[in-house]
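The values are calculated or read from the model by the stated rules, or taken from the named source; none is laboratory data. Keep in mind that what you see is a predicted model, and the values were worked out from it rather than measured. Note that we place each Cβ from the backbone using ideal geometry, even for glycine, and neighbour counts take in every protein chain shown. Keep in mind that these areas ignore ligands, DNA and RNA; they rest on the heavy atoms of the full protein, side chains included. Shrake-Rupley method; radii C 1.70, N 1.55, O 1.52, S 1.80 Å.
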Amino acid sequence: MKNISLILLILLALTGCKIDKNETVEGKAKIVCTTTLAGDLVKNIVGDKADVSIIMRPGVDPHEYTPRPSDTDALDGADIIVYHGLDFEGQMSSYFDNLKKNGKLLINLGDGIDEHKLRSIEDEFEHNHEGHSHDHSHGHYHAPGTIDPHVWNDVSVWMQCAQHVGNELAKMNPENADLFKKNSANHIEELKKLDEDLSKLYASIPESSRILVTAHDAFSYLAHRYNLQVKSLQGISTAAELGIKDVSNLAEFLISNNIKSIFVEQSVNNKNINAVRHHCSEKDFEVALGGSLYSDGLGDASSEAATYIDMMRYNAKVIVDGLK
């Protein structure tokens with residue numbers, strides 16, 4: 001079913017009407033974003049000057065997301081589409097490429113990031129493992145040079161995304177260009193304050209305790225920005241296949257490094273992490289759950305992580321409390 005849905009999306013993109021690549025949007029634009037993270041960023045910039053909708057609801061795993069017919073309708077009817085790129089949306093990547101070729105107005109967040117800010121698999125090995133390495137015998141191996149798409153976990157990178165979106169929206173909707181640029185600048189100032197606050201929070205963790213162990217490798221950017229080490233059970237995609245060796249390797253890492261807290265994620269099934277804890281318990285080493293983190297999206301409106309800024313503060317508090 002996943003392949004059929006993807007094929008239908010691509011066919012729709014290929015057969016859709018051509019749009020003048022120089023076309024802009026006047027009046028109140030209809031903007032469709034793929035994720036809650038992209039949606040929050042856009043809403044901060046456009047205010048009430050555009051209708052913003054989001055395809056993937058809170059709690060959805062973008063790595064394994066299968067587009068629905070309603071997604072096709074929403075994207076087809078959008079004036080502007082905003083997505084992460086860097087293969088974060090997985091199955092939808094080729095669909096967006098085809099839409100762009102047909103002249104649809106799209107904003108790829110990854111296009112606004114300086115290359116030296118992007119982290120690859122090699123970067124993660126060097127910074128996060130210090131002598132330990134992932135077992136690459138199963139599905140979570142990624143080829144050298146693969147870019148980690150979880151860029152928002154470094155607030156300084158998310159500032160670049162905010163600048164990029166502001167500039168692009170101003171070009172696509174010139175009627176509101178000045179407002180979009182002003183809102184973008186104001187939001188970047190809020191993000192600078194957030195970055196400063198997070199730096200202080202993470203610095204409060206004793207150096208010997210700065211090892212963050214999670215379900216999948218979503219926190220490399222955070223580790224690099226705020227001087228942590230990170231170790232994960234899966235690679236950068238939750239679609240990885242795991243084996244007994246993956247579980248036992250992580251359990252041995254926890255035991256040998258005397259790490260007594262491990263973190264689960266809101267959008268990732270806990271069964272693999274629980275298997276690691278069980279393996280540790282069998283060797284008379286108890287590992288507690290340090291808390292549940294938001295790794296691939298925001299929480300719902302009633303949560304403590306309903307906005308990007310709230311989510312980053314919430315994760316920081318959970319991590320700091322769990323590692324101190």
Flag if Lys182 is without any contact (Cβ under 8 Å) to a residue 40 or more places away in the chain and more than 20 Å from Lys117 (Cα to Cα): yes
Consider the range 245-263. How many of its residues are closer than 21 Å to Val320 by Cβ and open to solvent by 10 Å² or more (accessible area, probe 1.4 Å)? 5
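Answer yes if at least one residue in the range 94-103 is under 13 Å from Thr34 (Cα atoms) and aliphatic (A, V, I, L, M), and no otherwise.
Taking the range 94-103 as the starting set, the residues that turn out to be under 13 Å from Thr34 (Cα atoms) are 95-96.
Right, trim to aliphatic (A, V, I, L, M) and you get none.
Within the range 94-103, not a single residue is under 13 Å from Thr34 (Cα atoms) and aliphatic (A, V, I, L, M).
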If we only count helices (runs of 4 or more DSSP H) wholly inside the range 217-324, which ones have 3 or more residues that are modelled with pLDDT of 95 or more? 220-226, 308-323
For the range 292-317, which residues satisfy the criterion of being open to solvent by less than 20 Å² (accessible area, probe 1.4 Å) and either over 16 Å from the mean Cα position of the chain (by Cα) or aliphatic (A, V, I, L, M) (or both)? Leu293, Leu298, Ala305, Met311, Met312, Ala316
Output yes when any residue across the range 170-184 is over 15 Å from the mean Cα position of the chain (by Cα) and under 18 Å from Ser292 (Cα atoms), and no when none is. no
Out of all the residues in the range 161-170, is one or more touching an Asp or Glu at 6+ places or on another chain (Cβ under 7 Å), modelled with pLDDT of 95 or more, buried (at least 19 other Cβ atoms within 10 Å of the Cβ) and not aliphatic (A, V, I, L, M)? yes
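Residue-wise test of (1) more than 22 Å from Tyr294 (Cα to Cα); (2) surrounded by fewer than 22 Cβ atoms within 10 Å (Cβ to Cβ); (3) at pLDDT 90 or above.
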| site | (1), (2), (3) |
| --- | --- |
| Asp51 | yes, yes, yes |
| Gly59 | no, yes, no |
| Thr66 | no, yes, no |
| Ile80 | yes, no, yes |
| Ser93 | yes, yes, no |
| Leu105 | yes, no, yes |
| Gly112 | yes, yes, yes |
Kindly indicate whether Leu169 is in contact with a Lys or Arg (Cβ under 8 Å, 6 or more places away or on another chain), of a type outside the set (Val, Ile, Thr), more than 13 Å from Tyr226 (Cα to Cα) and part of a helix (DSSP H, G or I). no
Quick check on Ala38: is it touching a strand residue (DSSP E or B) at 6+ places or on another chain (Cβ under 7 Å), of a type in the set (A, V, I, L, M) and surrounded by fewer than 20 Cβ atoms within 10 Å (Cβ to Cβ)? no
Top-ranked residue in the range 86-121 [being small (Gly, Ala, Ser) and in contact with a His (Cβ under 7 Å, 6 or more places away or on another chain); ranked as farthest from Val230 (Cα to Cα)]: Gly112
What is the number of the single condition among (1) touching a residue at least 24 places away in the same chain (Cβ under 8 Å); (2) within 30 Å of Gln91 (Cα to Cα); (3) open to solvent by 50 Å² or more (accessible area, probe 1.4 Å); (4) not aliphatic (A, V, I, L, M) that Lys231 does not meet? (3)
